[in-house]
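The values are calculated or read from the model by the stated rules, or taken from the named source; none is laboratory data. Please read these numbers as outputs of a predicted model, since none were measured by experiment. Positions of Cβ are backbone-derived with ideal geometry, glycine not excepted, and every protein chain shown enters the neighbour counts.
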Amino acid sequence: MTPRQSNTYVLVHGAWHGGWCWTRVAERLRQAGHTVRAPTLPGLAERQRELSAAITLDDFIQSIADALQQQDLQDVILVGHSFGGLVISGVADRLRTRIRQLVLLDAFLLRNGQSTLDTLPPALVAKLEHKAADTGGIPPLPADGFGLNDPADIAFVQAQLTPQPIGTYRSTFTLRHPLGNGLPVSYIRCTSPAFAGVADCQQWAHAQYAQKWQWIDLVAGHDAMISAPDALTQLLLTIPDQARP
């Protein structure tokens, strides 16, 4: 039997989270013999002292691009959860040659030139701006809003969540190439329960890329890396094989 190829996974978290949210999945991938990185984006989790309204989406993207270059990571399977979908799409736009495949996990996406605030009602934008006025950060949603049911999971996540830099919502998503930049893309939809925060962009992306991307449904809530690490890990192990010619 031919041994499974060792892959390199870079796991990028979403809003209010940090690299900590990937611990369960990263452990399983490493046990299967793969290289895993789960960096934390600027201003969040253990980097919360960096929190500032001046942190932009571009800063998020550049932080992951820098990590790939500084650690000389090649042939990367780049996974982005929720808001991390924007981040990995931006990285692919800049560093295509270092990436094998993109995996969008219940990911939030924007049209080229849009900001997150552009997609929200004016009253909600005003509320978020007010909440971020003092610290530069948008307070997190309650942990049970991420599709978690287990009380222990909810308590674990609630204790880790930190404010999201408002500048990442204000700044535009700007690409020089088509979304995905010609790479294989897999989109994993978390269906139980579905997360309202990504419903509209998911519908738009499916209408645009139904034939070009691989679409997979996962019976789990939005924070599947917390609530369904075994099922998610199995998908991440099999997706690269399916993407090969």
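So the values come out like this:
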read-out: Any hit, region 129-144, residues being of a type in the set (Lys, Arg), buried (at least 19 other Cβ atoms within 10 Å of the Cβ) and either at pLDDT 95 or above or in contact with a Lys or Arg (Cβ under 9 Å, 6 or more places away or on another chain) (or both); value: no
read-out: Meets criteria (among the aliphatic types (A, V, I, L, M), touching a residue at least 12 places away in the same chain (Cβ under 8 Å) and under 14 Å from GLY197 (Cα atoms)) for LEU95; value: no
read-out: Residue satisfying condition, being surrounded by fewer than 20 Cβ atoms within 10 Å (Cβ to Cβ), closer than 30 Å to GLN234 by Cα and modelled with pLDDT of 95 or more, within set LEU183, LEU117; value: LEU183
read-out: Only one of GLN164, GLN101, GLN114 that is over 24 Å from VAL10 (Cα atoms) and among the polar types (S, T, N, Q); value: GLN114
read-out: Boolean, PRO151 is exposed (fewer than 15 other Cβ atoms within 10 Å of the Cβ) and either within 18 Å of the chain's Cα centre (by Cα) or touching a residue at least 12 places away in the same chain (Cβ under 8 Å) (or both); value: no
read-out: Residue in region 80-93 that is under 14 Å from the mean Cα position of the chain (by Cα), surrounded by 23 or more Cβ atoms within 10 Å (Cβ to Cβ) and on the phi > 0 side of the Ramachandran plot present; value: yes
read-out: Extreme residue, farthest from LEU86 (Cα to Cα), among residues of region 199-223 that are hydrophobic (A, V, I, L, M, F, W, C) and in contact with a Gly (Cβ under 8 Å, 6 or more places away or on another chain); value: ALA220
read-out: Verdict on PRO240 being at pLDDT below 95 and crowded, with 20+ Cβ neighbours inside 10 Å; value: yes
read-out: Contacts under 7 angstrom Cβ, first residue in region 219-230 being farther than 18 Å from GLY197 by Cα and at pLDDT below 95, partner among the hydrophobic types (A, V, I, L, M, F, W, C) and crowded, with 22+ Cβ neighbours inside 10 Å, 6 or more apart; value: none
read-out: Candidates ASP230, ASP200, ASP134 - the one that is of a type in the set (D, E, K, R) and not in a helix (DSSP H, G or I); value: ASP134
read-out: Filtered residue count, region 5-44, keeping only those that are within 17 Å of ILE226 (Cα to Cα), more than 16 Å from the chain's Cα centre (by Cα) and surrounded by 20 or more Cβ atoms within 10 Å (Cβ to Cβ); value: 1
read-out: Any hit, region 186-194, residues being touching an Asp or Glu at 6+ places or on another chain (Cβ under 9 Å), in contact (Cβ under 8 Å) with a residue 24 or more places away in the chain, part of a strand (DSSP E or B) and farther than 21 Å from LEU148 by Cβ; value: yes
read-out: LEU109 vs. criteria outside any helix (DSSP H, G or I), at negative phi and buried (at least 23 other Cβ atoms within 10 Å of the Cβ); value: no
read-out: Candidates LEU141, LEU148, LEU179 - the one that is assigned to a loop (DSSP other than H, G, I, E, B) and under 16 Å from GLY85 (Cα atoms); value: LEU179
